[in-house]
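What follows is one structure encoded as structure tokens, with my remarks underneath.
The values are calculated or read from the model by the stated rules, or taken from the named source; none is laboratory data. The shown structure was predicted, so the numbers you read here are calculated from the model rather than taken from an experiment. A quick note on method: Cβ atoms are made from the backbone with ideal geometry, for glycine too, and the neighbour counts reach across all protein chains shown. Areas reflect the complete protein model, heavy atoms only, side chains present, ligands, DNA and RNA absent. Shrake-Rupley method; radii C 1.70, N 1.55, O 1.52, S 1.80 Å.
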Amino acid sequence: MQDQTYIILLSKSFTGDISPAELHLLDIWKQESPENTQFAAQMKQVWESSANHVPSIAVNDLEGDFKNVLAKINQGETTQLKVVSFGGRILRAAAILVCLLAAVWTLRQITATKDIIETAQGFDQRQVTLPDGSLVWLRQNTTLTYSENSFNTTERRLKLEGEAYFEVTHNPSRPFRVEVANTSSVEVLGTQFDVKTSGDKSAVTVILKSGKVRFKPTPTQEGVIMSPNQKLVYDPIQSKITTSTLQSNADLAWQAGGLCFIDAPLSVVKTEIEKYYGIQVNITNPLLLDCKFTSPLPSKNAGDLLKNIATVFGMKIINDTTNNYILSEGVCAK
């Protein structure tokens, strides 16, 4: 059985899926005798030769399948197998390796599952119901991806690009994990939260409305457990996490169907309006961009919100095209 254990490690080393600890163990085994070194070299030749006949597959789940097969093989082993020649060892190991790869590949082809991709294109928003009953609101230009049977496993795992608001069905035995593009993830320990990300090197923002979530910058870090009404921003470039208490629900208003703001700089208000309503807003007086604006009730209509801004700052509104608004003049409100 010792040879079979090292066949597994050799297979992992050939595909690059071997851990540092396993690689160290394999190196020690190779150095124990010239026979082991030669055995490893010949197994590599078998692997490279079979690569043209057996489709390439991942080995991260191979060890369990391999041991199950070997357990059945060992039931029929006799003492004679232990004194088989070195050449016989190679042939037997190669046969096990190639046959196992082919069997596992065939099984995975049969049981392979497709990724389900949910998207919200342009300026549309979508509400998605997941297989476990969890609800997801996708903001514009957002993509949510998950395997069609990922909700039948021990963990519910999804990948998010963009921004989405989640209401997760509670199930302690099946953790709910949202992965973002830069290898960070949000592990759900509660129910309602918002995640926003824009790419591998962009900041990740998590807003927790109720319950509890854990944000992990990388899979190996413990991360930060968030509390209700807390906002977290992660800068992947500086590896910095910043948390703060929410002063309003402005960041979550899009999910409710409208925008609201509490002491938000007009530059931020402008950007959010453009993104949410799909329009262009030109503020001609740059001195107003740092002025704070408050509109506590969600506005579902862009025109009403712009009229409110114009009234507060004494501006004039010109709608030169359907989707282009010009706000001129005005002074900061006291």
Count of the range 291-307 residues which are touching a Gly at 6+ places or on another chain (Cβ under 9 Å), hydrophobic (A, V, I, L, M, F, W, C) and surrounded by 15 or more Cβ atoms within 10 Å (Cβ to Cβ): 3
Residue that is farthest from C332 (Cα to Cα) [pool: residues in the range 273-282 that are of a type outside the set (V, I, T), in a helix (DSSP H, G or I) and open to solvent by less than 40 Å² (accessible area, probe 1.4 Å)]: Y276
Of all residues in the range 105-143 being hydroxyl-bearing (S, T, Y) and open to solvent by 50 Å² or more (accessible area, probe 1.4 Å), the one that is modelled with the highest pLDDT: T129
Neighbours by Cβ (under 8 Å, 6+ apart or cross-chain): first from the range 206-228, on the phi > 0 side of the Ramachandran plot and surrounded by 13 or more Cβ atoms within 10 Å (Cβ to Cβ); second modelled with pLDDT under 85 and part of a loop (DSSP other than H, G, I, E, B): G211/L189; G211/G190; G211/T191
Which listed residue, of T183, T191, is open to solvent by 50 Å² or more (accessible area, probe 1.4 Å), over 14 Å from G162 (Cα atoms) and of a type outside the set (K, R): T183
Answer from L10, L23 - the residue that is out of contact with any Cys (no Cβ under 6 Å at 6 or more places or on another chain), surrounded by fewer than 16 Cβ atoms within 10 Å (Cβ to Cβ) and not β-branched (V, I, T): L23
Residue match in the range 254-267 (condition: touching a strand residue (DSSP E or B) at 6+ places or on another chain (Cβ under 6 Å), buried (at least 20 other Cβ atoms within 10 Å of the Cβ) and in a helix (DSSP H, G or I)): yes
Single condition M315 does not satisfy, out of (1) modelled with pLDDT of 90 or more; (2) closer than 20 Å to Q125 by Cα: (2)
So L158, is it at pLDDT 85 or above, open to solvent by less than 40 Å² (accessible area, probe 1.4 Å) and either hydrophobic (A, V, I, L, M, F, W, C) or closer than 15 Å to R177 by Cα (or both): yes
Single condition K270 does not satisfy, out of (1) open to solvent by 30 Å² or more (accessible area, probe 1.4 Å); (2) touching a residue at least 24 places away in the same chain (Cβ under 8 Å): (2)
Among the residues listed as A120, A164, A203, the single one being touching a Gly at 6+ places or on another chain (Cβ under 8 Å) and within 22 Å of K275 (Cβ to Cβ): A120
